[in-house]
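Everything below concerns the one structure shown next.
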Amino acid sequence: MKKINPHSPLVKENYSEDSIVRDVLDICDEFVPVNLIPNVYNLAKSLPERYQKWTLKRKEDISKLPDLEPTEIYERLPVYLAHDLADYLQNTSESAVIFIDTYESLWEKERDKGSFNAKDEWFRKLIENIQKSCLWVICGKESLRWEEVDEDWKNYLDQRKIGKLPEEDALDLLKRCEITEKDIQNVLIESSEGVPYYLELSIDIYRKIKQKEQPTPGNFAKVPEGIFCRFVKYLDREEKETLKVLSVPRYWNRELFKILIEKFNTGYPATSFSELHRFSFMDIDEEGKCSMHQLMRKSLQDYQDQDLQKEVHNFMLDFYSNHLKDLDIKAITQEHENALIEAFYHAKDSLEAEELCEWFISVSDPFNRAAFWQLITPMYEEMLQILESKLSPQHPYVATTLDNLAGLYKSTGEYEKALPLFQRALDIRENTLNPQHPDIASTLNGLAELYRMMGHYDKAFPLYQNIFDIYERMLSPQHPEVAMALNDLALLYSEMGHYDKALSLYQRTLEIVEKVMGPQHNTLQQY
């Protein structure tokens, strides 16, 4: 150690009480291997008895140390580990469980040398040469590929991804570490997704903040930087750059993967698709759809260039929007549904609030006309929240979104949800628009139709009458909108049992349609 790190002092406080280094430092004022090695036998007599046999057994290896270069000493360390482990197993009746915290660190300096399986060849030999059975628990970013060297390894390897820590265990850990604030507990459990290392870092952060002030949930909004560092450690530049890009889309397939690495010039070879997706934080389903663990995605997004994120979001929005161009409502497939969902996800980060509203109303219209109401309703709900927070609750785009969302609720029979939204939209439009504005008439029509469908004819009638008055004042008596208003009023009279009044209005409607559109027009079939 002294030869490898000549400028690092050997301080016994840095070693555990049962460490041989600590014992040697208790005996020697200064630990200098060159002076010490020739007197190794005298030193052995001074060391505790448990070291004397070991020193004599290893005298040949120890005597060579002064003549070795630091790199040669480094290469010998696994040999010393094997000797010590063999000694332990020989002198005990129990089996050993050996934990390797980060598998990739074992061959970090050999990363660019030789084939993949050549990097840890020494480690496989070490395990093979341990005569007594041991359990090796090896943690790493990807699974072991030793069966590529020897299929017999399949009989000894049991590989699985580390699962999520149960919520009750995570909560118990936080309580034991004296994190008792329920709001902070909830934030940490939810954001960590049960990853123990995340909780460990969060506990450290909590304690540091606690020394100065009372921690708040906002202190834990970002993924701890240590998570990011742990993820990207042992990755090369091309892998890191590729993962930054892949952290923006929620999923991808082999085709989109190739498009992204070429578009953003990450330097990663498209032919190595499978290599990258061996990492434990990657997942591939049966359909070939790939995704990244949420913690990895969030940490990459928290600690990367925001301009790059924006650029990838813009590209992905265009990519999915192109799948929705000139969409025939009779030919909508699951692929189109997925494209809309993903396009909306990226549009939220690509577009300003007003642009988002205009874009979504346009792109979702074919799905609305095709009665895909259950699909687009959640997106309208989320867009309403965005507009209210980024614009104002009284903004015209908020009124438009309220009106459209209320119409969706009405179409799906959720009348109680639709009613307050129509009323809010009407209040906004009446306060900001001319009383004769067509948007007011449109909201009045939606509200009147809702009242009619709910059987509240007394509330629907004055609204229908108001709509007819607006159109009649704004437009010519022969305008199609006037005919539509008459038709709605006639329908209400019919449902109320006033058939004579309904008949006269239907006749007036028919006259307008015949005069404006001609006696052979398809619209006549409605009347």
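Averaging sequence separations of C-alpha pairs under 8 Å and six or more residues apart, then dividing by the length of the chain, give the relative contact order as a whole percent.
Relative contact order here is 6 percent.
What number, in percent, do you get for the relative contact order of region 240-371 if the mean sequence gap of Cα pairs under 8 Å and at least 6 apart is divided by its residue count?
It rounds to 24 percent for region 240-371.
What are the semi-axes of the equivalent ellipsoid for region 199-340, taken as the square roots of 5 times the Cα gyration tensor eigenvalues, largest first, in whole Å?
The three semi-axes for region 199-340 are 33, 19, 14 Å.
What is the Cα coordinate range of the chain on the first, second and third principal axes, sorted by size from largest, in whole angstrom?
121, 52, 42
Can you give the FRET efficiency for residue 95 and residue 311, using 1/(1 + (r/R0)^6), R0 = 60 Å, r = Cβ-Cβ distance, to the nearest 0.05?
In this case the efficiency is close to 0.65.
Any chance you could get the radius of gyration and Dmax over the Cα atoms of region 368-490, in Å?
Final numbers for Rg and Dmax: 14.7, 43 Å.
Could you state the accessible area per residue of region 292-446 in Å², with a 1.4 Å probe and every protein chain left in place?
47
Could you go through region 387-400 in sequence order and give the Karplus-derived ³J(HN,Hα) for each residue, using 6.51 cos²θ - 1.76 cosθ + 1.60 with θ = phi - 60°, rounded to whole Hz, and x for Gly and Pro?
Result, rounded to whole Hz: 5, 5, 7, 8, 9, 7, x, 9, 5, x, 5, 5, 4, 4.
Which one of 483, 441, 319 is farthest out on the positive end of the charge dipole of the chain, using unit charges on Cβ (Lys, Arg +1; Asp, Glu -1) and the Cα centre as origin?
So the residue furthest toward the plus end is 319.
Too long at a 31 Å Cα-Cα cut-off: which of 64/125; 298/390; 161/212; 164/222?
161/212, as the Cα separations exceed 31 Å there.
Heavy atoms only, probe 1.4 Å: what % of the accessible area of region 149-238 goes to carbon and sulfur, would you let me know?
Whole-percent figure for carbon plus sulfur exposure: 48.
Cα-based Rg of region 186-242 per 2.2 N^0.38 Å, rounded to two decimals?
This ratio for region 186-242 stands at 1.31.
Can you work out D for region 126-256 in µm² s⁻¹ from Stokes-Einstein, where Rh is the Kirkwood radius over C-alpha pairs, the temperature is 25 °C and the viscosity is 0.890 mPa s?
Rounded to a whole number, D works out at 134 µm²/s.
Explain nothing, just compute: Karplus ³J(HN,Hα) = 6.51 cos²θ - 1.76 cosθ + 1.60, θ = phi - 60°, for every residue of region 149-159 in order, whole Hz, x for Gly and Pro.
Each residue of region 149-159 in turn: 8, 8, 4, 5, 4, 4, 6, 10, 9, 10, 10 Hz.
Which value at 222 nm does the chain reach when only helices count, each DSSP H run of 4 or more adding -39,500 (n - 2.57), with the total divided by all residues and rounded to the nearest 500 deg cm²/dmol?
Using -39500 (n - 2.57) per qualifying helix, the result is -18500 deg cm²/dmol.
Taking only C-alpha pairs under 8 Å that are 6+ residues apart, what is the relative contact order of region 309-433 in percent?
Normalised by residue count, the contact order of region 309-433 is 20 percent.
Assign unit charges at the C-beta atoms only (+1 for Lys and Arg, -1 for Asp and Glu), then state the dipole size of the chain relative to its Cα centre in Debye, rounded to the nearest 20.
820
Take every Cα-Cα pair in region 310-351 and report what % of them are more than 17 Å apart.
Roughly 27 percent, once rounded to a whole number.
Please give me, ordered by residue number, the GluC sites (Glu not before Pro) of region 153-234 that lie in loop per DSSP and have at most 12 other Cβ atoms within 10 Å.
Sites meeting the loop and neighbour criteria: 178, 213.
Using amide H atoms built 1.01 Å from N in the peptide plane, name the residues 5+ places from residue 96, or on other chains, whose amide H lies under 5 Å from its own.
For residue 96, the qualifying residues are 135.
The values are calculated or read from the model by the stated rules, or taken from the named source; none is laboratory data. Here the structure is a predicted model, which is why all the values come from computation and not from measurement. Cβ atoms come from the backbone with ideal geometry, glycine included; neighbour counts cover every protein chain shown. Remember, those area values only see protein heavy atoms, side chains included, never the ligands or the DNA or RNA. Shrake-Rupley method; radii C 1.70, N 1.55, O 1.52, S 1.80 Å.
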